[in-house]
1. Considering the dipole of the range 35-96 built from charges on the beta carbon (Lys and Arg +1, Asp and Glu -1) around the Cα centre, which of ALA71, LEU60, MET81 is farthest to its positive end?
2. State the Cα centre-to-centre distance between the range 276-298 and the range 76-148 in whole Å.
3. Calculated FRET efficiency, ILE176 and TRP292, Cβ-Cβ r, R0 45 Å, to nearest 0.05?
4. Just want the answer: with Cβ charges of +1 for Lys and Arg and -1 for Asp and Glu, which residue in TRP145, MET115, GLN101 is farthest toward the dipole's positive end in the range 33-147?
5. For PHE276 and THR84 in the same chain, what is the full-extension length gain: residue separation times 0.36 nm, less their Cα-Cα distance, in nm?
6. Got a sec? Charge dipole of the range 109-209, +1 on Cβ for Lys and Arg, -1 for Asp and Glu; which of ALA173, PHE135, TYR184 is way out at the positive end?
Amino acid sequence: MDPESSADAAEEDAEPHERFALVRAGVLGVIFLLATCGNFFFLGTLWKKRKRNTRTQLFLLHLCLADLVVAFFQVLPQFSMEITHRFRGTDFLCRSVKYLQVVGMFASAYMMVAMTIDRYHAVCMPMVSFLKGSFRRYLSIGAAWLISLAFSSPQLFIFSLQEVEGNQHDCWATFIEPWGSRVYISWITLSVFALPAVILLYCQMRICTTIYFNMKRKAIQPRRTGTRGVSNAMLKTVKMTFVIIMTYTVCWSPFFVVQLWSAWSPSSAPTKGLVFSIIMLLASLNSCTNPWIYLYYT
């Protein structure tokens, strides 16, 4: 085979790949702008309403901060790598970025858990929520951040700046073969997605059944005093929490499914191509949809 024709064919194959990378970079750039502008705009809205700050706004503030961590340390580094094709930075920066990437994922998930548990107490156990609500809120928010910081620590040891080819370096992970990557990806999926999903599902089911029976009781006995009702503001907050949870599930579940698939069956997993890129971009999209959900309901 002619070497020149082989080189021409390689160049032709590389051109679509480069164009596809530029398209991904453009989409990631738009997602980053939407996420940062949306979240900073919502933070400004919360600042204007700080004198009448509510329990829900406190959770939304920290959800907003978690989304900004995702935008700056997950979407932005991915955007730069789509352009440069390699990680440009020191070993310390490599480990820090990979650590903060997972911190944002943990914080988003567990802040939703904290907010949903708070809604559960407010609807299902209002007297307990009234008496101990303030302390519980700060405790749950602090616990969510501590869990995020602690559970993300393996990233500092797994990732490092490594020489990949020639004199080029990239930020890569090193696992104990053959089971290290499977254990780690399964752990991340369980702790970031599966466990929070179970807690969120349980709380939402209890909230919905409590609201249903309260409204049914109120309809049957409208004049009976002492009937526990649910205010319109609380209903709106519950709806907002439900929409946030559903958006998170839709955006992140394909990502975790593909990650598990690639870990346990790498030969058949869709790790390249259009479908894989859409799944990766869909996960990043969650950080820019949340602030508009907050603004709509608040």
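1. LEU60
2. 15
3. Details: r = 42 Å, r/R0 = 0.94.
Efficiency at R0 = 45 Å is approximately 0.60.
4. MET115
5. Details: separation 192, 0.36 × 192 = 69.12 nm, distance 1.99 nm.
Between PHE276 and THR84, full extension yields 67.1 nm more.
6. Checking the options against the dipole of the range 109-209, the answer is PHE135.
Rule-based calculations on the coordinates, nothing more; no lab input. Here the structure is a predicted model, which means the values were calculated and not measured. Positions of Cβ are backbone-derived with ideal geometry, glycine not excepted, and every protein chain shown enters the neighbour counts.
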